[in-house]
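Trainee: Mind looking over this structure? Questions follow.
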Amino acid sequence: MLHSQCWAELYAGVLPPDVLAELSPAVMAQLWQRFVTRGEEYAQYVAEVDGDVVGFVGFGPGRDEGYAEVVEVYFCYVAPGFQRSGIGSELLAAETDATYLWISESNRAAHRFYRRNKFGPDSRRRIGSLFGTDLPEIRMSR
């Protein structure tokens with residue numbers, strides 16, 4: 001459920017409303033199931049407060065050409081009520097070898113968060129695809 005809530009907040013105005021409406025907790029659970037069964041080189045962590053999941057992060061082999069030997073941050077989300085509490089930074093710290101990530105070019109709050117965690121833009125840009133919608137992205141590295 002948290003994954004759906006985070007996406008609804010972050011991608012409102014970016015993804016078409018009909019696409020957001022389809023990203024139900026059941027659909028997101030299917031995505032998670034595929035991710036957690038990919039192999040040992042993939043890792044995911046959750047943050048809990050009073051038994052409730054309030055954040056999650058995923059890491060794995062770099063997907064860019066020539067980067068398969070380094071660790072990429074695939075995602076890091078924190079529930080809106082827990083953002084700016086240090087939870088996101090703790091989640092990122094779970095994988096100290098994380099080298100880079102791709103992020104929406106328009107998500108300025110996330111840019112600031114990753115900069116505070118020693119990631120910086122490295123001049124690489126691409127047009128990613130998120131559920132059939134083009135999404136301009138920048139790469140941040142450390």
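Just so you know, all these numbers are worked out from the coordinates, no wet-lab data involved. Bear in mind that the values here come from a model prediction, so they are computed numbers and not experimental data. FYI the Cβ positions are ideal-geometry reconstructions off the backbone, even for glycines, and counts take in every protein chain you see.
Trainee: Return the residues of the stretch 118-138 that are crowded, with 18+ Cβ neighbours inside 10 Å and over 19 Å from residue 15 (Cβ atoms); say none if nothing qualifies.
Mentor: 119
Trainee: Among the residues of the stretch 77-87, is any in contact with a strand residue (DSSP E or B) (Cβ under 7 Å, 6 or more places away or on another chain), part of a strand (DSSP E or B), more than 23 Å from residue 13 (Cα to Cα) and not charged (D, E, K, R)?
Mentor: Pass one, the stretch 77-87, residues in contact with a strand residue (DSSP E or B) (Cβ under 7 Å, 6 or more places away or on another chain): 77-79, 82, 87.
Retained after the next criterion (residues that are part of a strand (DSSP E or B)): 77-78.
When the remaining residues are screened for being more than 23 Å from residue 13 (Cα to Cα), the result is none.
No: the stretch 77-87 contains no residue that is in contact with a strand residue (DSSP E or B) (Cβ under 7 Å, 6 or more places away or on another chain), part of a strand (DSSP E or B), more than 23 Å from residue 13 (Cα to Cα) and not charged (D, E, K, R).
Trainee: While we're looking at this one, here's another question. In the list 73, 57, 19, 78, which residue meets the criterion of being more than 15 Å from the chain's Cα centre (by Cα), of a type in the set (A, V, I, L, M) and surrounded by 13 or more Cβ atoms within 10 Å (Cβ to Cβ)?
Mentor: Answer to the selection: 19.
Trainee: Among residues belonging to the stretch 88-108 that are in a helix (DSSP H, G or I) and either in contact (Cβ under 8 Å) with a residue 12 or more places away in the chain or within 12 Å of the chain's Cα centre (by Cα) (or both), point out the one that is surrounded by the most Cβ atoms within 10 Å (Cβ to Cβ).
Mentor: Restricting to residues being in a helix (DSSP H, G or I) and either in contact (Cβ under 8 Å) with a residue 12 or more places away in the chain or within 12 Å of the chain's Cα centre (by Cα) (or both), the top hit is 91.
Trainee: Here is a further query. Please specify each residue of the stretch 47-80 satisfying the condition of being closer than 19 Å to residue 28 by Cβ and without any contact (Cβ under 8 Å) to a residue 12 or more places away in the chain. Give the steps one after another, and end with the answer.
Mentor: Of the residues in the stretch 47-80, the ones closer than 19 Å to residue 28 by Cβ are 47-48, 52-60, 73-80.
Selection gives 48, 52.
Trainee: Please specify each residue of the stretch 110-133 satisfying the condition of being in contact (Cβ under 8 Å) with a residue 60 or more places away in the chain and on the phi > 0 side of the Ramachandran plot.
Mentor: Matches in the stretch 110-133: 131, 132.
Trainee: Given the criteria hydroxyl-bearing (Ser, Thr, Tyr) and in contact with a Cys (Cβ under 7 Å, 6 or more places away or on another chain), does residue 11 qualify? I'd like the intermediate steps shown before the answer.
Mentor: Values: hydroxyl-bearing (Ser, Thr, Tyr): yes; in contact with a Cys (Cβ under 7 Å, 6 or more places away or on another chain): no.
Taking the combined requirement at face value, the residue does not satisfy it.
Trainee: Continuing with this model, one more query. Does residue 46 satisfy the condition of being touching a helix residue (DSSP H, G or I) at 6+ places or on another chain (Cβ under 9 Å), assigned to a strand (DSSP E or B) and either surrounded by fewer than 19 Cβ atoms within 10 Å (Cβ to Cβ) or among the polar types (S, T, N, Q) (or both)?
Mentor: yes
Trainee: Looking at the stretch 9-21, which of its residues are without any contact (Cβ under 8 Å) to a residue 24 or more places away in the chain and of a type in the set (D, E, K, R)?
Mentor: 18
Trainee: Follow-up question, since we're still on this one. Look through 5, 83 and report the one residue that is in contact (Cβ under 8 Å) with a residue 60 or more places away in the chain and surrounded by fewer than 18 Cβ atoms within 10 Å (Cβ to Cβ).
Mentor: One residue alone meets the criteria, 5.
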